[in-house]
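Notes follow once the structure below has been shown.
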Amino acid sequence: MHITGSFDGGNPQEVQSIVSTGPDSFVIYPFSEDEDPGYKFRLDVKVLQEEAATQRLKLRIHWKDELYNKYRNHLFAGNTGLDWICHSGIIDGEAVCFEFELPLGETHLTLNPKYDYEDYLNLVQRTEHSSDISRKLITKTDEDREVWLLATDNAGTDLRILLTARAHPYETAGSYCIEGILEEILDGRTEFIRDVQLFLIPMLCPDGVSNGLCKLSSVGGEDIARSHNRGDRLVSSLFSVIDEIKPHFILDFHNWMLPDRNGLFYERPGWMRRFVRLMNQKGHGDRDWIRGVNKIFFSRQPAGLKGYAKDRYATRCMTVEYPWLGRDVRQMKSLGIDTVKTLIHLLTK
Ligand SMILES: [Zn+2]
């Protein structure tokens, strides 16, 4: 058996961070670009198993801190697509240990179902021949990756909503939410966007995603959810998009690791309460919702793109936090679709 993280989107990418301790057992030391324990939730490796129909794999993931291992006691196994199997691990101090059967061939093992730069480019590519979605390259990053803005073609309407994802590179849920929304439109179910113009930036920091980072846009780069550093090319380009669109509303998809709660932040408490009620009616009441009104986890005011838009154009903003545990790709996509439909309902009714 062979394990590697040395590929686009891998973590850890350094060969010495994966140590073989037997024919089927390995110790892995995941990498964090700034060692911020609150964001150290990235593990993306590929295992090649060529010996039998299934083979038992033993893994010890050494995270170098104990505090957040309760949020890292699972792994998803699968490949690009819908089917990810969630394996549970046992916490042993600063490490989490796993033992499970692995099928023949190549399998991705990830803390959150993988969605890498290539998956994102494929999604953008799928919109190419759509008459409902137009595309514009916002910028190329310092490492020459593409940051795309997609838009629905409703220029006649005067309600502009911007959807963003992957401000934090490890948080793949947002990518699946956005993919679900785009598929809804590509499949012709466009009734829900009739009264709005939707703008989407599906991947805010592709360099961070490709380099296997947790929080920052690149090694030594910015926290896109908070940065106002116009000296950074990516931040500056994204602020220019805000100046161009002047969105009425920004919805920013994140995925924290608290397994049993969704999170909502920055909108008015009563409005978020109505949002939750409607989401629960659509079948998303499987876990509690935290509505951030008392400085729980985040400051009361948004920063970064959302803060800039709010200060400059009185843009309303909401961050959603949708954890993976207990959800599959289909559910995450439908959560994304229902989130946007509920948002549009509340903004237009
Ligand atoms: Zn985040």
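The values are calculated or read from the model by the stated rules, or taken from the named source; none is laboratory data. Quantities reported herein were computed from a predicted structural model and do not represent experimental measurements. Neighbour counts are summed over all protein chains in view; Cβ atoms, including those assigned to glycine, are modelled from backbone coordinates with ideal geometry.
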Filtering the range 299-349 for residues that are over 30 Å from His87 (Cβ atoms) and either surrounded by fewer than 22 Cβ atoms within 10 Å (Cβ to Cβ) or touching a strand residue (DSSP E or B) at 6+ places or on another chain (Cβ under 8 Å) (or both) leaves a count of 29
Looking at Arg189, Arg166, Arg145, Arg160, can you tell me which residue is within 16 Å of the ligand (Cβ to nearest atom) and either closer than 17 Å to Leu335 by Cβ or not hydrophobic (A, V, I, L, M, F, W, C) (or both)? Arg166
Mind checking which pairs have a first residue in the range 1-19 that is without any contact (Cβ under 8 Å) to a residue 60 or more places away in the chain and over 14 Å from Leu59 (Cα atoms) and a second that is among the basic types (Lys, Arg) and not in a loop (DSSP other than H, G, I, E, B), Cβ under 6 Å, 6 or more apart or different chains? none
Name the single residue that is nearest to the chain's Cα centre (by Cα) among those in the range 167-183 being more than 15 Å from Leu200 (Cβ to Cβ) and hydroxyl-bearing (Ser, Thr, Tyr). Thr172
Val320 fails exactly one of the following numbered conditions: (1) within 16 Å of the ligand (Cβ to nearest atom); (2) at pLDDT 95 or above; (3) more than 17 Å from the chain's Cα centre (by Cα); (4) under 14 Å from Trp256 (Cβ atoms). What is the number of that condition? (3)
If you take the residues of the range 300-317 that are of a type in the set (Ser, Thr, Tyr) and part of a helix (DSSP H, G or I), which of them is nearest to the ligand (Cβ to nearest atom)? Tyr308
Could you tell me which of the residues Gly336, Gly326 is assigned to a helix (DSSP H, G or I) and in contact (Cβ under 8 Å) with a residue 12 or more places away in the chain? Gly336
Against the definition (among the aliphatic types (A, V, I, L, M), away from the ligand (no atom under 16 Å from the Cβ), in contact (Cβ under 8 Å) with a residue 60 or more places away in the chain and within 22 Å of Pro37 (Cβ to Cβ)), how does Val209 come out, yes or no? no
The number of residues in the range 33-57 that are in a strand (DSSP E or B) and either in the same structural domain as Asn211 (by TED's automatic domain parsing) or surrounded by fewer than 16 Cβ atoms within 10 Å (Cβ to Cβ) (or both) is 7
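Every residue, every condition in (1) among the aromatic types (Phe, Trp, Tyr); (2) over 12 Å from Leu213 (Cα atoms), yes or no:
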| residue | (1), (2) |
| --- | --- |
| Asp24 | no, yes |
| Asp34 | no, no |
| Phe41 | yes, no |
| Lys46 | no, yes |
| Ala53 | no, yes |
| Arg60 | no, yes |
| Tyr68 | yes, yes |
Please verify whether the range 161-181 includes one or more residues that are surrounded by fewer than 24 Cβ atoms within 10 Å (Cβ to Cβ), touching a residue at least 12 places away in the same chain (Cβ under 8 Å) and in a loop (DSSP other than H, G, I, E, B). no
Identity of the residue in the range 245-259, part of a loop (DSSP other than H, G, I, E, B) and in contact with a Gly (Cβ under 8 Å, 6 or more places away or on another chain), that ends up farthest from the ligand (Cβ to nearest atom): Pro259
The residue that is nearest to Ile242 (Cα to Cα), considering only those in the range 186-218 that are assigned to a helix (DSSP H, G or I) and within 16 Å of the chain's Cα centre (by Cα), is Pro206
